[in-house]
């Protein structure tokens, strides 16, 4: 997997009058990774994706997608996208909708049946789009995004509105699509989805990128979780230890803000003081905790 | 552009609204071009006062003669059938451009990489193909109507020369294209179909008709009237003859050749305006 960026933005900004939807966004997505673009509703995710696809123009800043201007026909040649809800011609069948899109894309007609098979929609390909369930519409949207066998796949909330089975199917499909050299930029506000699928995550809040890293990296916080008896004495002792910056007591556990590499030393000191240590492990937060911490009180 | 054109042809060809409008167009040609006038011209005159009977019969005879194949093009163009076709074309133009906004399909299509101008050009050319089909349908329906009248009247079916048919094809296409371009531009401007169709029809059927019929005699006003789309449509149509006297239809103000140029300029201006808007604006 090459580390070359396939998508880069520098100071990307979009203002609507006095409202700044995207504010100086610097984003880099590297070849072959599945990048989760995370943020609460209204954080600027869809606006960013639309700028990357040339559907809306930035007020300031720049973006390069596969080395080209966003929205240029040459650049879009290798980009597949599903932005917001899947939108197709209601009077056309699923297959005819894809035929129309294949003509716009300049891809051979045979690709239509291939992508229908990929999203497991061949059996309903003759039905009109307006008769499709939401899950089928989402899958048709993914099929349209796959027509060009793209190097970069941009998907905006692909599991929106799906039932648990539909979400599970879509996650399975996305995992499959993200294998190999293909790069996937997945926008979502569903943390479980991002946690399961993405290699790297960027968190956006009020149009600004406020955190970026691997899922494991974001969840990790330097610290140790200790279960010891008696708890109060263990906490007092921990507070006196050198290198422990903070001690919290929660749910019968001590959370020590310290280097997890000092686990053996902490254990030795507690045991030497006659305390019973039944559990000691590096502290880790759920992605949801990280997200809520980063985005404050905003709803997910 | 060719890719966008073929995509648009597929969309328009499979769209039920296209064929509903085609059916309306055929109905207009047959009912308002033939059936209506034939029934009027065949109303029994026995109940009329004696002095008016001969006059009414002569008028009926004149009307029926106007419906015969030799007067096919005059009937279709001069009596305003293609003018009404303009309103149908306006709706088709508005639907072609405006429905994409309502369905949100612009983002799906444009992210496939056609490029905005190619996307729009494909639409315009595909629309013109269907308008050409509408013109052919109109001429064919008119021919069928006039042939039926010839059969009913036991008259010979003498058709206009082929070059006149060719000219009618071009003129019909120009009229429908101009009005469709207006609908296309309005739908692009308003990002939808409803307001574009409403305003377009109100302008063509109410405002322009009223302006044309206003009894104002002024050189400035006539110059202004000469710029109207409807006036130029009627003036171009007058190539095939003049409107029957006594029906309150004003004489055309513009020479047919100048009207053709004016309509072509309008069509180009509407399409360029739509392209300018479509290329610059955010489509999210």
Check: Which of the residues that make up region B:117-145 are surrounded by fewer than 20 Cβ atoms within 10 Å (Cβ to Cβ), over 19 Å from residue B:173 (Cα atoms) and within 14 Å of chain A (Cβ to nearest Cβ)?
Finding: B:117, B:118
Next item on the list: Quickly run through region A:81-101 and pick out the residues that are closer than 19 Å to residue A:53 by Cβ, surrounded by 19 or more Cβ atoms within 10 Å (Cβ to Cβ) and facing chain B (nearest Cβ under 8 Å).
Entry: A:81, A:83, A:86, A:87, A:88, A:100, A:101
Check: For residue A:115, which of the numbered conditions (1) in contact with a helix residue (DSSP H, G or I) (Cβ under 8 Å, 6 or more places away or on another chain); (2) more than 10 Å from every other protein chain (Cβ to nearest Cβ); (3) surrounded by fewer than 19 Cβ atoms within 10 Å (Cβ to Cβ) fails to hold?
Finding: (3)
Checklist line | Residues (without any contact (Cβ under 8 Å) to a residue 12 or more places away in the chain and either in a helix (DSSP H, G or I) or touching a helix residue (DSSP H, G or I) at 6+ places or on another chain (Cβ under 7 Å) (or both)) located in region B:157-193 | finding: B:162, B:163, B:166, B:170
Notebook entry, point to check: What are the residues in region A:51-74 that are free of Cβ contacts under 8 Å to residues at least 60 places away in the same chain, surrounded by 20 or more Cβ atoms within 10 Å (Cβ to Cβ) and more than 8 Å from every other protein chain (Cβ to nearest Cβ), if any?
Noted result: A:51, A:58, A:63, A:70
Check: Restricted to region A:128-149, and to residues that are away from every other protein chain (no Cβ under 14 Å) and over 29 Å from residue A:70 (Cβ atoms), which residue is surrounded by the fewest Cβ atoms within 10 Å (Cβ to Cβ)?
Finding: A:131
Notebook entry, point to check: Considering only region A:228-281, how many residues are part of a strand (DSSP E or B) and either in contact with a helix residue (DSSP H, G or I) (Cβ under 9 Å, 6 or more places away or on another chain) or at pLDDT below 90 (or both)?
Noted result: 15
Note to self: Between B:47, B:87, which is exposed (fewer than 15 other Cβ atoms within 10 Å of the Cβ) and either more than 14 Å from chain A (Cβ to nearest Cβ) or not in a helix (DSSP H, G or I) (or both)?
What the structure shows: B:47
Check: Are there any pairs, at least 6 apart or on different chains, whose C-beta atoms fall under 7 Å, with the first in region B:204-224 and surrounded by 12 or more Cβ atoms within 10 Å (Cβ to Cβ) and the second part of a loop (DSSP other than H, G, I, E, B), and if so, which?
Finding: B:208/B:228; B:211/B:228; B:212/B:250; B:222/B:253
Margin query: Please verify whether residue A:152 is away from chain B (no Cβ under 14 Å) and either touching a strand residue (DSSP E or B) at 6+ places or on another chain (Cβ under 7 Å) or surrounded by 18 or more Cβ atoms within 10 Å (Cβ to Cβ) (or both), treating the condition exactly as stated.
Written below: no
Notebook entry, point to check: Does region A:31-40 contain at least one residue that is modelled with pLDDT of 90 or more and facing chain B (nearest Cβ under 8 Å)?
Noted result: no
Item checked: Output for region B:98-113, where each listed residue is closer than 21 Å to residue B:271 by Cβ and facing another protein chain (nearest Cβ under 7 Å) -> B:105, B:109, B:110
Check: Within region B:1-20, how many residues are farther than 17 Å from residue A:89 by Cβ and at pLDDT 85 or above?
Finding: 1
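Could you please let me know if residue B:80 is at pLDDT below 95, away from chain A (no Cβ under 12 Å), over 14 Å from residue B:283 (Cβ atoms) and out of contact with any strand residue (DSSP E or B) (no Cβ under 8 Å at 6 or more places or on another chain)?
Working: at pLDDT below 95: yes; away from chain A (no Cβ under 12 Å): yes; over 14 Å from residue B:283 (Cβ atoms): yes; out of contact with any strand residue (DSSP E or B) (no Cβ under 8 Å at 6 or more places or on another chain): yes.
The answer is yes for residue B:80.
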Margin query: Step by step: first the residues of region A:14-50, then only those that are in a loop (DSSP other than H, G, I, E, B) and free of Cβ contacts under 8 Å to residues at least 24 places away in the same chain, then the one that is surrounded by the most Cβ atoms within 10 Å (Cβ to Cβ). Which residue is that?
Written below: A:42
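Let's see how each residue does on (1) more than 14 Å from chain A (Cβ to nearest Cβ); (2) crowded, with 18+ Cβ neighbours inside 10 Å; (3) closer than 18 Å to residue B:132 by Cβ:
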{"residue": "B:3", "(1), (2), (3)": "no, yes, no"}
{"residue": "B:7", "(1), (2), (3)": "no, yes, no"}
{"residue": "B:15", "(1), (2), (3)": "no, yes, yes"}
{"residue": "B:25", "(1), (2), (3)": "yes, yes, yes"}
{"residue": "B:28", "(1), (2), (3)": "yes, yes, yes"}
{"residue": "B:34", "(1), (2), (3)": "yes, yes, no"}
{"residue": "B:38", "(1), (2), (3)": "yes, yes, no"}
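Report the residue count in region A:173-208 for those that are more than 9 Å from the chain's Cα centre (by Cα) and under 22 Å from residue A:41 (Cβ atoms).
9
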Notebook entry, point to check: With respect to residue B:54, is the statement that it is away from chain A (no Cβ under 14 Å) and modelled with pLDDT under 95 true?
Noted result: yes
Next item on the list: Please find, among A:223, A:213, the residue that is buried (at least 18 other Cβ atoms within 10 Å of the Cβ) and part of a strand (DSSP E or B).
Entry: A:223
Notebook entry, point to check: Does region B:32-42 hold any residues that are over 10 Å from residue B:81 (Cα atoms) and either assigned to a helix (DSSP H, G or I) or out of contact with any helix residue (DSSP H, G or I) (no Cβ under 7 Å at 6 or more places or on another chain) (or both), and which are they?
Noted result: B:34, B:35, B:36, B:37, B:38, B:39, B:40, B:41
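The values are calculated or read from the model by the stated rules, or taken from the named source; none is laboratory data. None of the values given here were measured: they were computed from a predicted structure. Quick reminder, even Gly has a Cβ in these numbers, built from the backbone with ideal geometry, and neighbours come from all protein chains shown.
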